[in-house]
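The values are calculated or read from the model by the stated rules, or taken from the named source; none is laboratory data. As the structure is a prediction and not an experimental result, all values here were calculated from the model. FYI the Cβ positions are ideal-geometry reconstructions off the backbone, even for glycines, and counts take in every protein chain you see. Please note that ligands, DNA and RNA were not included when accessible areas were found on the heavy atoms of the full protein model with its side chains. Shrake-Rupley method; radii C 1.70, N 1.55, O 1.52, S 1.80 Å.
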Amino acid sequence: MEKLHLPIIIEIDEDGYYIVSCPVFKGCHSYGETVDEAMENIKEVIEMCLEENKVEDLNKFVGFRELEVAQNA
């Protein structure tokens, strides 16, 4: 069995829930009340995505960058 190391993006929404996304799959998102719960939930979603997609067809995660933009207040 091949093991994949996948990037996961974690955010907190306005209600305090942890929103998790795996950018190598389109539409691969989940959430949880804790980071651990969110990670367990995204793992299930990733397993479903892997049933529908070949590993060689996945998006390639390049990295994370931060961009500064001006906000008009």
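Worth a mention:
- Subset of segment 7-24 (residues that are assigned to a loop (DSSP other than H, G, I, E, B) and either in contact with a Pro (Cβ under 9 Å, 6 or more places away or on another chain) or of a type in the set (S, T, N, Q) (or both)): Pro7, Ile8, Cys22, Pro23, Val24
- Scanning segment 29-73 for residues that are farther than 12 Å from Ile8 by Cα, open to solvent by 100 Å² or more (accessible area, probe 1.4 Å), hydrophobic (A, V, I, L, M, F, W, C) and at pLDDT below 90 returns a single hit, Ala73.
- Residues in segment 19-28 that are open to solvent by less than 30 Å² (accessible area, probe 1.4 Å) and either in contact with a Cys (Cβ under 6 Å, 6 or more places away or on another chain) or at pLDDT 95 or above (or both): Val20, Ser21, Cys22, Phe25, Cys28.
- Filtering segment 8-26 to residues that are touching a strand residue (DSSP E or B) at 6+ places or on another chain (Cβ under 9 Å) and of a type outside the set (A, V, I, L, M) leaves Glu11, Asp13, Tyr17, Tyr18, Ser21, Cys22, Pro23.
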